[in-house]
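Read through the structure below, which is laid out as structure tokens, and then see the notes.
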Amino acid sequence: MNHSASIANSETTRTDVLGFHQDNEAGRWLAWLTRSLEYMSGAVLALDVLIVFLSVVYRYFLHDPVDWAEEIARALMVVLVFFGAATVLARSQHVGIDLFRGLLPVRWQPLLIQAGHWIIAGVSASLLVSSVLLLVDSYDQTTSIGLPQWLYVYPVVFGSAFMTLFALANAVSGSRGVVWRAFVTCAVLAAAVTAWNVLVPEHAISRGALLAIGFIGALVLGVPIGFVLAFAALLYFLADPSLPMLVYSQQVMAGTDHFVLLAIPFFVLAGLLMEANGMSSRLIELLLRVFGRVRGGLGLITIIATAFFSGVSGSKLADVAAVGGIVMPAVRRTRQDPGEAAGLLACSAVMAETIPPCINLILMGFVANISIAGLFMAGLVPAAVMALSLAVLAVIVGRKINPDEAFEHRTPLWPLLGGALVALIMVGMIGKGVTSGIATSTEVSAFAVVYALVVGGLAFRELNLRSVARLFVRSASMAGGILFIVAAASSVSFALTIEQIPQLMSGTMTAFAAQYGSVMFIMLSALLMMVFGAVLEGAPALIIFGPLLTPIAQQLGVNPLHFGTVMVIAMGLGLFAPPVGLGLFATCAITGTQVKDVARPMLKYLAVLLVALVLLILVPAFSLWLPNRLGM
């Protein structure tokens, strides 16, 4: 499996950049360029945080709004996405899954891998050409506050140029014979399809069929998810002469040009800062002292800690890395089963999918036009129900440990309590900001970053300038990987809309609901999300199906907050479920375990979560009680 930067369980090393080129001048130059882009992306992220934070201060404390702040912040986010995505590509860390390719004959593997590299190069080069056309078209246009439109397009041009460069470097890095066979194979297939459609127009392969074939083919080859989506959309645009090529990059860029999406890199950064300055380790050590001697204590600590960190970082895989990096050594020192612990950790991440400020809740609210603050509140009680269910099972199957064996070094009690208090204040600040409506999720996330950086840094003094710079770089790369998937999925959604897939699905699902009722409609939607959450990854599954299914649910009288919560939980179950869930592979990589050792003990926890999900579907009050109490 190809892992993204967002699941790294330690600081990304600085020596793995295009390692197959390090023995020549070109490789060293590419490595230097990658590092330069990483630090540039980190600086852009820092500037974005500063602009949003100062705009909040000016608006709410000085009562002097900064009109241009949001526009500039959005423009910087476009830089962050495409430059960050380029650096993640340079390190081959985009999210992907090679399980389907692994089912094919072993002798085909080198050729298939190389073909995947050429697909990525083709997508990147096409995005570059399209963005240049868009740039030319945008020179006479301005934004709503009078800024030139090309301010948003130039980052796409340069970012796609860097992606093309890195993709070509990857594509030509293998054995010369395999590289050229893969290139010729791809070129012949492209020429054959083009010739068929031109010479036999009455039997031409439809653009919708090409979209589906491109998606399935790239997925089987193990191409990273973002490029699977971008490739499928590219084939669709190329097959339709009525669509100007510039629309392709326009739709990709439109997927990231939204102020609310800035909350994603900000919350991820806040979580990493909390982990780096010692808040995480102090809180988990305190939990170990409190619950360690209780039956199933390590399981309870895993559940509580994951829930807590989910209230800060927003990224489930980042939470798994934070909790797993501290809990798993304690598991091994106390001679517990690492497979059992990793399985519970993965299921705890599913439980935490609806704990704000979850990235997937933000995405669901964004694409389906649902109140993000309402979703944040709607997800709390379901998360509590699932946490309680997991905790009961963990106590039943767990055993007591000696907490003294779990530590290499014990922290004095008062510093331990102080560290936990600083972390709890941070979670409370985020929760209060979201529920009160005083600020948007993006503004709250900027405050969280500043709090973790300033207060956490002063309280624990475990951060220096170099470590902070590395965290900004790491967060920028993670954000680039995540948001590039969002951008690519936006182009697929555009193609699906032209193909009238929403109308087709609406008719089919409405007929199903008319025959079997709204509850069965929600059950079927949840099943769809579990399947595609496993095959794709959380973000694209939500981006594609969220806007398709939510209007149907509303027509059937289903509350969108309830439906959105169910969709996110179901997606999480698919994401972490064996045998293909990307989240499960990531958890095993983080915890140093094997999927075969984790899958069996994990099944009982998954069964509990599945029962809890059915209960949440049948009883909407679990999702709606808190939003109704708060008037949302």
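Each reported figure results from applying straightforward, stated rules to the coordinates on display, with no laboratory input. This is a predicted model, so every value here is computed, not measured. Backbone-built Cβ (ideal geometry, glycine too); neighbour counts: all protein chains shown.
Fully extended, how many nm does the chain gain between R181 and S242 (0.36 nm per residue separation, minus their Cα-Cα distance)?
Working: separation 61, 0.36 × 61 = 21.96 nm, distance 3.33 nm.
Additional length available on full extension: 18.6 nm.
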key: Length-normalised contact order of the chain in % [C-alpha pairs under 8 Å, at least 6 apart]   = 20
remark   = Other residues with Cβ under 14 Å from the Cβ of V66 give, with Lys and Arg +1 and Asp and Glu -1, a net charge of -4
Long-range Cα-Cα pairs in the chain (distance over 36 Å), rounded percent = 36
request  = Apply 1/(1 + (r/R0)^6) to the Cβ-Cβ distance of L630 and M429, taking R0 = 25 Å, and write down the FRET efficiency to the nearest 0.05.
outcome  = 0.90
key: 0 to 90° range, to nearest 10: angle between helix 538-555 axis and the chain longest Cα axis   = 90
request  = Highest first, please rank the peptides 206-214, 181-189 by the mean number of other Cβ atoms sitting within 10 Å of their residues.
outcome  = 206-214, 181-189
Simple spin-label estimate for N402 and V136 in nanometres, 7 Å along Cα-Cβ = 7.6
query = Length gain on complete extension for the stretch R410 to A607, per 0.36 nm per residue less the alpha carbon to alpha carbon distance?
reply = 67.3 nm
ask   = Roughly speaking, what is the centre-to-centre gap between region 458-508 and region 287-327 when only Cα atoms are used, to the nearest Å?
value = 25
Estimated inter-spin distance, L50 and T510, nm [label 7 Å along Cα→Cβ] = 5.2
key: Proximal lysines relative to K432, as straight alpha-carbon distance under 24 Å, when same-chain residues fewer than 8 apart are discounted   = K316
ask   = Based on the Cβ-Cβ distance from I438 to K596, what FRET efficiency comes out when R0 is 56 Å, to the nearest 0.05?
value = 0.70
ask   = If contacts are Cα pairs under 8 angstrom and at least 6 residues apart, what is the relative contact order of region 18-254 in percent?
value = 25
inquiry  = As an exercise, find the ratio Rg/Rh for region 480-560 from alpha-carbon atoms, using the Kirkwood inverse-distance average for Rh.
reply    = 1.00
message = At a 10 angstrom cut-off on C-beta neighbours, averaged per residue, how do the peptides 587-598, 617-628 rank from highest to lowest?
response = 587-598, 617-628
request  = Evaluate the Debye formula for region 79-217 with equal point scatterers sitting on the alpha carbons, no solvent, and hand back log10 of I(q)/I(0) at q = 0.11, 0.13, 0.16 Å⁻¹, in q order, two decimals.
outcome  = -0.55, -0.74, -1.00
key: Whole-Hz ³J(HN,Hα) from phi, Karplus 6.51 cos²θ - 1.76 cosθ + 1.60, for region 288-296, glycine and proline x   = 5, 5, 7, 9, x, 8, 6, 4, x
inquiry  = So if I take the alpha carbon set of region 272-329, get Rg, then get Rh from the Kirkwood formula, what is the Rg over Rh ratio?
reply    = 0.95
ask   = Can you work out ³J(HN,Hα) from phi for every residue in region 198-212, in order, using Karplus 6.51 cos²θ - 1.76 cosθ + 1.60 and θ = phi - 60°, giving whole Hz and x for Gly and Pro?
value = 7, 7, 10, x, 5, 10, 4, 6, 5, 5, x, 5, 5, 4, 5
remark   = Taking Cα atoms only, helix 560-576 is inclined relative to the longest principal axis of the chain by an angle, in degrees rounded to 10, of 90
P(r) of region 18-254 over all Cα-Cα pairs, binned every 10 Å from zero, in whole percent = 7, 26, 31, 21, 10, 3, 1
Inter-part distance where region 357-372 and region 29-85 are each reduced to a Cα centre, Å = 22
key: Karplus-derived 3J(HN,Hα), 6.51/-1.76/1.60, for each residue of region 77-92, Hz, glycine and proline x   = 5, 4, 4, 4, 5, 7, 6, x, 4, 5, 5, 5, 5, 4, 8, 6
key: Rounded to 10°, Cα long-axis angle of helix 359-368 versus longest principal axis of the chain   = 50
query = So what's the back-of-envelope 222 nm ellipticity for the chain, counting only DSSP H runs of four-plus at -39500 (n - 2.57) apiece and dividing by all residues, rounded to 500?
reply = -25500 deg cm²/dmol
ask   = Relative to the present Cα-Cα distance, how much length would full extension add between E462 and R107 at 0.36 nm per residue of separation?
value = 122.8 nm
remark   = Rounded to whole angstrom, the alpha-carbon centroid of region 521-572 lies from that of region 595-623 at a distance of 16
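State whether region 513-606 is rounded, prolate or oblate according to the following rule on the C-alpha gyration tensor (a ≥ b ≥ c being the square roots of its eigenvalues): a/c under 1.5 gives rounded; otherwise a/b larger than b/c gives prolate, and the remaining case gives oblate.
Prolate, because a/c is 1.5 or more and a/b exceeds b/c.
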